[in-house]
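Computed from the coordinates by the stated procedures, all read-outs in this text should not be read as laboratory data. Remember, predicted model here, so these are calculated numbers, not experimental data. So basically every Cβ, Gly included, is an ideal-geometry build from the backbone, and we count neighbours across all protein chains shown.
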Amino acid sequence: MASIGTLARSGVRTGGRSHESNPASLVFLCLLWFSLAFGLLVLLALVVDTFVEGVGRLDGDLFTRYNSTVREETTGARAAILGTAWLMATTAVLAIPMGIAAALYFEEFADKRRWYNRLLEVNLQNLAAVPSVIYGLLAVAIMALLGFSNEGIVLGGAIALALLILPVIIITTREAVRAVPREIRDGSLALGATQWQTTWKQTLPSAVPGIATGTIIALSRAIGEAAPLLMLGVPLGILQDPNGVLSTFTALPLQIFQWTSQSQDAYKVAAAAAIIVLLAMVLLLNGLAIIIRNKFQRRW
Amino acid sequence: MSSVATDGGSPTTASPPPRTRMDLTHKVRPGEAVIKGLLRLAAAASVLTTVGIVVSLIRPAVDFFRAVPVTEFLTGTSWSPNLAPQSFGVLPLVGGTLVTTVIGLLIAVPLGLGTAMYLSEYARPATRRRLKPILELLAGVPSVVYGFFALSFITPTVLKSWFGLEVGFTNALAAGVVLGIMIIPTVASLSEDAMSAVPHALRQGSFAMGANRMQTTLRVVFPAAISGIAAAVVLGLSRAVGETMIVALAAGSQPNLSIDPREGMQTMTGFMATTAGGENPVGSVSYNTLFAVGLLLFCITLVVNLLSIALVRRLREEY
């Protein structure tokens, strides 16, 4: 569709050029350029500002030491970085199978004309826009229901983040599955495969690159979330490595929040250094998603 | 990325198969019924999530409203849940949210729409392919990082040095500006989807009548895409209302019923962030305020989200 639109548009472009040069439309074009440039400039300012402030603390201490309340010059984010790793792994295990299963139901099995399936759809769109802080309160209730007295453990954080990104995973997986042409399904069904065999052996494998892209982007959103973890009462001063899904932990965004809230300048610098680490993780995940999208995504 | 989050403006809806197509799927197998049941269960979990949210918010909130009348909560103008004399009027928090959100929208709507118009109507496809991932990156920056940016750059450098404003260390203006920056990609991405979905014949008709690109964009494409654009703005509004870390860091922690954005003010989400990290015993009235404010926040965003979803529906029916 895009290519047809482009053809038509470039055809018009040559025809209408003489009208484009009156002052009003030039001003308008400049305004559009400005709005585009604004976002890019802010991104640049953010990266440069953080880098200039934090690059000096991007040393061994940041990665190997625990957070210190007395020696602020050599405070470290070791527990937070390891906590984020545990948190992300647990979140992925909880959210990905569930998200893909739900998406397959919506796209391949559900009768879209039934009222309850339409309701499920509206529900999903709303969930995608519920504030993340609310998911934190939900996780508090779930952890109390499961009988954990201490909510600030890896499992609690992972439940909050998994529920938070579930709608995103479902929606992107559905788009990927929807893009698989009908003919592939019909061919499989015509050869005698059942509906589930068709889904499992034909549709799902063809949609894997799209699903992977969406899932990685969802995880890159979860990695920077601090608000739900704050609701769980995740303790800020942790002086040990997390060693399982039931151990108390802290996470990188929370550590950044804590350091930013301090008044000493040394903590601000440490926060900037930790932000560089966090941004590098987000960038890495996004880059991975873009590579998968460009290299492996099949277009029909 | 933002377009992904809502499934909103995407014009590619799978149409139901034509009636004449033979249904090849009708083959009943017991094992498959189990699998189908499991998939249905996973889909139903999303409903359970909504129910869970409502229940987990309402139960402590009911306890709270036993101690504090609803009318006092909704109409009181003083908020001081932790210091004696206690008072539980939520309006100062709502006011803080309102001020930061309005500032955010004043930034995000024009800039987001400008970006969307450029990408949809002016940019060549190759340019668009290169620019969109960068825009998505702007949406991918963690909100705590934006909060740090507001404190370390926007307030001291932009507001104080460049504009010479007398602002406090924390103030609603910096928080609102950064909120706006954060939701630019949401507004831009969904509006672009909506404008790209406008049929090409409308543009060609406009060009054929002698209109130039600006006139076509503003008077033909924009009105035709208006419901999708409105949905994008409304979704951006919902994001701004619910955003926590930016306002917790940059807007301040003093409940303040003022509309002067140079002052510090606490928002609903900012209050929740501060209280959850505090020392309130579970079950006390001051702990339950967390859930009362959370319930109010959920209700506000629910209304806003449903409005956005309804607007997208209208867009889909048109073409």
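Within 10 Å of each Cβ in B:242-249, how many Cβ atoms from other chains are there, averaged over the peptide? Write out the running numbers ahead of the final one.
Details: counts 7, 4, 11, 12, 1, 0, 7, 5.
Per residue, the average neighbour count from other chains is 6.
What trypsin sites (Lys or Arg not before Pro) in the stretch A:41-95 are in a loop by DSSP, with at most 13 other Cβ atoms within 10 Å of the Cβ? Please list the in-between numbers first.
Values: sites: A:ARG57, A:ARG65, A:ARG71, A:ARG78; in loops: A:ARG65, A:ARG71.
Of the trypsin sites (Lys or Arg not before Pro), the ones in loops of the stretch A:41-95 whose Cβ has at most 13 other Cβ atoms within 10 Å are A:ARG71.
Which of the lysines could a cross-linker span from A:LYS201 if the Cα-Cα distance has to be under 27 Å and same-chain partners fewer than 8 positions apart are dropped?
Partners found: A:LYS112, A:LYS295, B:LYS27, B:LYS36.
What is the spin-label model distance, in nm, from A:ALA85 to B:CYS299 if the labels are put 7 Å beyond Cα along the C-beta direction?
4.6
Work out the FRET efficiency for B:LEU165 and B:LEU48 from their Cβ-Cβ distance, taking R0 = 45 Å, and round it to the nearest 0.05. Don't skip to the answer; put the middle values down first.
Values: r = 48 Å, r/R0 = 1.07.
Computed FRET efficiency for B:LEU165 and B:LEU48: 0.40.
For A:SER263 and A:LEU191 in one chain, what is 0.36 nm times their gap in residues minus the Cα-Cα distance, to one decimal in nm? Provide the component values of the computation, followed by the final result.
Working: separation 72, 0.36 × 72 = 25.92 nm, distance 6.94 nm.
Answer, rounded to one decimal: 19.0 nm.
For a quick check: with amide H placed at 1.01 Å from N, whose amide H comes under 5 Å from B:SER80's, ignoring anything fewer than 5 positions away on the same chain?
B:SER87, B:PHE88, B:GLY89
Give me the one-decimal Kirkwood hydrodynamic radius in Å for the stretch A:40-99, with the sum taken over alpha-carbon pairs.
Details: mean 1/r = 0.0714 Å⁻¹.
It works out to 14.0 Å.
Mind telling me which of A:SER247, A:SER68, A:SER25 comes out most flexible in a GNM of chain A, alpha-carbon contacts under 10 Å?
A:SER25
Could you let me know the centre-to-centre spacing of the stretch B:230-255 and the stretch B:74-125, using Cα atoms, in angstrom?
5
What are the principal axis extents of the Cα atoms in chain A, in Å, biggest first?
Rounded to whole Å, the extents work out to 67, 61, 34 Å.
If R₀ is 41 angstrom, what is the calculated FRET efficiency for the pair B:ASN82 and B:THR157, using the beta carbon separation as r and rounding to 0.05?
Values: r = 34 Å, r/R0 = 0.82.
For B:ASN82 and B:THR157, the calculated efficiency is 0.75.
Based on alpha-carbon centroids, what's the gap between the stretch A:41-115 and the stretch A:142-203 in Å, whole number please?
What the calculation gives is 21 Å, centre to centre.
When a footprinting reagent is the concern and you count Cβ atoms within 10 Å, what order do A:THR213, B:THR97, A:THR64 take, fewest first? Provide the component values of the computation, followed by the final result.
Values: A:THR213 24, B:THR97 27, A:THR64 12.
Lowest count first: A:THR64, A:THR213, B:THR97.
Would you mind finding the longest exposed-site-free stretch of chain B, with exposed GluC sites (Glu not before Pro) meaning DSSP loop and at most 14 other Cβ atoms within 10 Å?
Excluding the exposed sites themselves, the longest stretch runs over B:1-165.
Once both labels are modelled 7 Å past Cα along the beta-carbon direction, what's the A:LEU146-A:LEU58 spacing in nm?
Here the answer is 3.6 nm between the modelled labels.
Per-residue HN-Hα couplings for the stretch A:74-87, Karplus 6.51 cos²θ - 1.76 cosθ + 1.60 at θ = phi - 60°, whole Hz, x for Gly and Pro?
Here the 3J(HN,Hα) series is 10, 5, x, 10, 4, 4, 5, 5, 5, x, 5, 4, 4, 4 Hz.
Compute the distance in nm between two label points, each set 7 Å from the Cα along the Cα-to-Cβ direction, one at A:GLU183 and one at B:VAL285.
For the pair A:GLU183/B:VAL285, the computed spacing is 7.1 nm.
For chain B, modelled as a GNM with alpha-carbon contacts under 10 angstrom, which of B:THR275, B:THR127, B:THR155 fluctuates the most?
B:THR127
Sort A:SER220, B:SER161, A:SER149 so the one with the fewest other Cβ atoms within 10 Å of its own Cβ comes first. Don't skip to the end; give the middle numbers.
Working: A:SER220 24, B:SER161 10, A:SER149 6.
The most exposed by this proxy come first: A:SER149, B:SER161, A:SER220.
On each of the three principal axes of the Cα atoms of the protein assembly as shown, give max minus min coordinate, whole Å, ordered largest first.
71, 71, 55
In vacuo Debye scattering of the stretch B:72-157, one point per C-alpha: log10 I(q)/I(0) at q = 0.13, 0.25 Å⁻¹?
Normalising to I(0) and taking log10 leaves -0.70, -1.16.
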